[in-house]
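The values are calculated or read from the model by the stated rules, or taken from the named source; none is laboratory data. None of the values given here were measured: they were computed from a predicted structure. When we count neighbours, we look across all protein chains shown, and the Cβ atoms used for this are built from the backbone with ideal geometry, even at glycine.
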Amino acid sequence: MRGVPHPVKAGATHEEPWTIERATQFYNVDGWGASFFTINPNGNLCVTPYGQPGPAIEIMDVIEDAQEKGLGFPLVIRFQDVLRSRVVKLNEKFRDAIAANGYKGQYFGVYPVKVNQLREVVEEILDAGAPYHYGLEAGSKPELFVGLALNTDPDALTICNGYKDEDYMRLALAGRKLGRKVIVVIEKLSELPLLLRVAAEMGVDPMVGLRAKLTTKGVGKWEKSSGDFAKFGLTIPEILEAVRLLKEAGKQDALKLFHFHVGSQLTDIRTIKDAVKEGARIYAKLRKMGMPVEHFDIGGGLAVDYMGSRNTEHSSTNYSLDEYCGDIVYNVQQICESEEVPEPNIVSESGRAITAYHSCIIMNVFGAIEIGSPKVQIPTSADEFGVEIVRQMREIVDGVTVKNALESYHDAAAKKDEALDAFRLGLIGLEERAAVETMYWELMKKLIPLTKKMRRVPVDLQGLDTQMADQYLANFSLFQSALDHWAFDQLFPVMPVHRLDEPPTREATLVDITCDSDGKIDEFVGPEESAPTVRLHEIRGNEPYFIGMFLTGAYQDIMGDLHNLFGRTNEVHVFVDDEDPEDFYLETVIPGDIISDVLGRVQYEPRELLKRVKGVIDQKVKEQAMKPKEGVALVDFLEQTLRGYTYLLPMSADGSERITPAAVKALETPKTPGAGGNGSAPSGP
């Protein structure tokens with residue numbers, strides 16, 4: 001549900017004193033932060049990778065370290081220890097629920113690679129999950145190749161989802177030859193005969209999973225991905241046919257896993273309970289048919305509370321991790337007891353809940369657009385008609401009160417229209433029109449605090465503060481760094497990372513640097529519900545001002561596009577270090593795309609482009625339209641530009657010069673294949 005602006009506005013008579021505690025509550029840090037975020041007494045946002053209490057890393061310290069390494073903004077920061085914390089917590093919570101219920105099966109989680117395929121992310125998750133035999137889920141041949149290479153634990157599962165061709169089957173069965181627990185999940189019935197044929201040819205005993213189309217449907221944005229008309233899975237008649245085919249081939253012992261998935265970001269625990277109950281009944285019936293199913297795979301869907309509001313809105317969730325694990329274990333156990341079948345090992349494919357918290361995007365704000373600014377002076381030479389319109393508008397603005405606010409609003413709107421009509425007829429000039437419009441916006445600003453004093457705000461005056469909100473210009477691309485916000489209104493927490501000991505006074509929306517009107521954020525996480533603006537601080541000249549967008553670790557890294565050819569951003573990986581004065585160190589630096597990188601991805605050869613422009617420069621020099629020294633300097637500039645970051649370069653604090661990062665290629669950690677969005681190697685000019 002789209003909410004209202006923040007309930008306490010600058011200039012209101014009931015403004016609370018601004019404190020660190022007030023800032024924490026205002027930006028709802030405790031709500032969405034899952035104990036990973038806090039604000040310190042200096043007013044800086046901190047990350048606590050092991051939860052609170054624990055080592056606290058100031059994000060501004062990370063920003064300063066990144067700047068010292070020549071990295072510009074936007075900047076992705078990955079807190080790798082947060083990944084570890086999430087893996088450990090998920091596994092421990094399932095173990096706690098199993099122990100509390102006396103459940104006889106075990107928990108074997110798998111991480112779905114599609115959620116974030118970056119090598120550093122996958123390796124960190126597997127390393128943290130090693131004590132729990134935490135495995136991987138693949139939905140394509142490239143992802144399965146990653147699984148075969150990285151998931152070397154013989155007790156961990158590698159689950160193969162998605163539609164499959166013969167090569168996919170052979171790749172999975174090659175994993176079986178390597179002694180891995182690679183389970184091929186049958187998504188459509190025709191895949192089973194293919195798997196059995198290829199397995200016979202390779203002399204391999206396959207491990208088979210059956211995915212069911214449950215009648216139970218998910219909730220929220222991904223509701224249509226489940227139910228009777230879902231894209232993947234077998235109907236009940238098809239499951240029975242699969243059982244017949246396995247028995248006929250003498251391969252009923254190959255059926256190791258029963259699987260279902262009712263959607264991503266499941267916000268309502270009741271949906272999860274219903275799906276588990278339906279799935280557990282199917283599992284029980286399969287066992288009674290003599291099929292030795294060992295694993296009960298509930299798929300993904302464990303939600304992240306991006307808003308921190310604990311409700312069923314699509315960016316929130318109404319349950320905790322304890323409740324999630326407890327309800328799954330309990331309901332599976334109850335049905336198994338009633339059906340008198342063995343309790344299976346429980347498998348889940350949680351990806352969003354594992355990765356979302358570990359990553360954030362830091363952007364620098366380089367300006368603001370204020371509605372109705374700047375003011376203009378009325379020229380003394382203004383004609384009599386123009387002077388009268390301006391005088392009447394000034395009387396309306398100066399005379400506005402709570403009692404006549406609505407009347408003043410209507411009068412001002414009429415006077416603004418009158419001035420526009422007069423301008424069209426040539427009766428007034430630009431100066432008079434500008435004066436009338438300036439005073440109109442002045443009135444709008446005066447009306448905002450007056451509406452706060454009204455017991456009931458007239459419809460025409462509702463939402464004025466939203467309409468008058470500033471547009472803060474942020475150095476990032478929404479389409480590259482937060483595609484889900486544009487695609488289906490996924491909310492991500494957005495807030496300043498410093499100056500939080502100061503009261504923010506500006507209601508604002510964020511606009512990115514793409515040439516697209518959709519490149520904006522105008523819905524934000526609020527104290528209680530979503531809001532159309534976010535409260536930010538006044539920009540002080542060229543003094544840096546940094547905003548963070550948080551919980552972006554799931555899907556955003558891999559799904560970002562090249563809108564306007566803004567490429568992947570610079571990236572640093574942060575680890576806790578208790579012996580360091582700042583409690584952290586930068587373990588990895590991954591330079592973002594340079595201009596030649598993104599040009600190469602859309603089939604431009606940077607050297608050829610440079611050659612063409614250089615030819616024009618040479619011709620201008622021959623024609624003496626340009627001095628040779630100017631031509632050489634221009635070519636040097638073009639070569640330097642091709643090696644530059646695709647995003648904007650900030651100005652120095654005094655505005656005297658641009659801050660130019662060190663050459664990206666010279667940074668201490670080279671870009672590796674797979675670090676970029678397309679895994680492309682840099683193609684320098």
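Filtered by the rule that a residue be under 25 Å from Leu649 (Cα atoms) and not in a helix (DSSP H, G or I), segment 586-611 gives Leu586, Glu587, Thr588, Val589, Ile590, Pro591, Gly592, Asp593, Ile594, Val602, Tyr604, Glu605.
Condition check ((1) out of contact with any His (no Cβ under 9 Å at 6 or more places or on another chain); (2) outside the structural domain of Pro449 (by TED's automatic domain parsing); (3) not polar (S, T, N, Q)) across all residues:
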residue: Asn28; (1), (2), (3): yes, yes, no
residue: Gly33; (1), (2), (3): yes, yes, yes
residue: Phe36; (1), (2), (3): no, yes, yes
residue: Met60; (1), (2), (3): no, yes, yes
residue: Glu68; (1), (2), (3): yes, yes, yes
residue: Leu71; (1), (2), (3): yes, yes, yes
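Which one of Val204, Val184, Val146 is over 33 Å from the mean Cα position of the chain (by Cα) and of a type in the set (Val, Ile, Thr)? Answer to the selection: Val204. Condition first: free of Cβ contacts under 8 Å to residues at least 60 places away in the same chain, hydroxyl-bearing (Ser, Thr, Tyr) and either in contact with a strand residue (DSSP E or B) (Cβ under 7 Å, 6 or more places away or on another chain) or outside the structural domain of Leu483 (by TED's automatic domain parsing) (or both). Can you find one or more residues in segment 580-600 that meet it? Looking through segment 580-600, at least one residue is free of Cβ contacts under 8 Å to residues at least 60 places away in the same chain, hydroxyl-bearing (Ser, Thr, Tyr) and either in contact with a strand residue (DSSP E or B) (Cβ under 7 Å, 6 or more places away or on another chain) or outside the structural domain of Leu483 (by TED's automatic domain parsing) (or both). Among the conditions (1) among the polar types (S, T, N, Q); (2) surrounded by fewer than 22 Cβ atoms within 10 Å (Cβ to Cβ); (3) closer than 19 Å to Tyr283 by Cβ, Asn161 misses just one, which is (2). Considering Asp322, Asp398, the condition of being out of contact with any Gly (no Cβ under 8 Å at 6 or more places or on another chain), surrounded by fewer than 23 Cβ atoms within 10 Å (Cβ to Cβ) and outside the structural domain of Gly105 (by TED's automatic domain parsing) is satisfied by Asp398 alone. In segment 503-520, the qualifying residues are those that are surrounded by fewer than 20 Cβ atoms within 10 Å (Cβ to Cβ) and acidic (Asp, Glu), and the one that is nearest to Leu648 (Cα to Cα) is Asp516. None of Glu124, Glu137, Glu120 is touching a residue at least 60 places away in the same chain (Cβ under 8 Å), assigned to a helix (DSSP H, G or I) and surrounded by 18 or more Cβ atoms within 10 Å (Cβ to Cβ) except Glu120. If you go through segment 337-346 one residue at a time, do you hit one that is surrounded by fewer than 19 Cβ atoms within 10 Å (Cβ to Cβ), small (Gly, Ala, Ser) and in a helix (DSSP H, G or I)? Yes.
Could you list, in sequence order, all residues of segment 363-409 that are of a type in the set (Lys, Arg) and modelled with pLDDT of 85 or more?
Arg391, Arg394, Lys403
Please go through segment 63-75 and give me each residue that is surrounded by fewer than 24 Cβ atoms within 10 Å (Cβ to Cβ) and either closer than 21 Å to Met495 by Cβ or among the charged types (D, E, K, R) (or both), ordered by number. Correct list: Ile63, Glu64, Asp65, Ala66, Gln67, Glu68, Lys69. Scanning segment 106-117 for residues that are surrounded by fewer than 23 Cβ atoms within 10 Å (Cβ to Cβ) and in a helix (DSSP H, G or I) returns a single hit, Lys114. There is at least one residue in segment 590-605 that is of a type outside the set (Gly, Ala, Ser) and farther than 20 Å from Gln480 by Cβ.
Among the candidates Leu90, Leu83, single out the residue that is within 20 Å of Asn570 (Cα to Cα) and at pLDDT 95 or above.
The match here is Leu83.
Among the residues making up segment 46-64, those that are out of contact with any Asp or Glu (no Cβ under 8 Å at 6 or more places or on another chain) and in contact (Cβ under 8 Å) with a residue 24 or more places away in the chain are Val47, Gly51, Ile59, Met60, Val62, Ile63. The single condition among (1) under 24 Å from Asp557 (Cα atoms); (2) crowded, with 20+ Cβ neighbours inside 10 Å that Phe488 does not satisfy is (2).
Among helices (runs of 4 or more DSSP H) entirely within segment 468-561, having at least 1 residues that are among the polar types (S, T, N, Q) singles out 478-481, 556-559. Taking segment 343-367, which residues are of a type outside the set (A, V, I, L, M, F, W, C) and in contact with a Gly (Cβ under 8 Å, 6 or more places away or on another chain)? Of everything in segment 343-367, those that are of a type outside the set (A, V, I, L, M, F, W, C) and in contact with a Gly (Cβ under 8 Å, 6 or more places away or on another chain) turn out to be Glu343, Pro344, Asn345, Ser348, Glu349, Ser350, Gly351, Arg352, Thr355, Tyr357, His358, Ser359.
Inside segment 524-547, residues that are under 13 Å from Gln471 (Cα atoms) and either of a type in the set (Ser, Thr, Tyr) or buried (at least 17 other Cβ atoms within 10 Å of the Cβ) (or both) make up a count of 7. Taking residues in segment 258-287 that are buried (at least 24 other Cβ atoms within 10 Å of the Cβ), and partners anywhere that are at pLDDT 95 or above and among the basic types (Lys, Arg), the pairs with Cβ atoms closer than 6 Å and at least 6 places apart or on different chains are His259/Arg211.
For Ser530, the criteria (1) at pLDDT below 90; (2) not assigned by TED's automatic domain parsing to the domain that holds Asn40 hold in every case but one, which is (2). Across segment 22-40, the qualifying residues are those that are touching a strand residue (DSSP E or B) at 6+ places or on another chain (Cβ under 9 Å) and surrounded by fewer than 18 Cβ atoms within 10 Å (Cβ to Cβ), and the one among them that is farthest from Gly51 (Cα to Cα) is Asn40.
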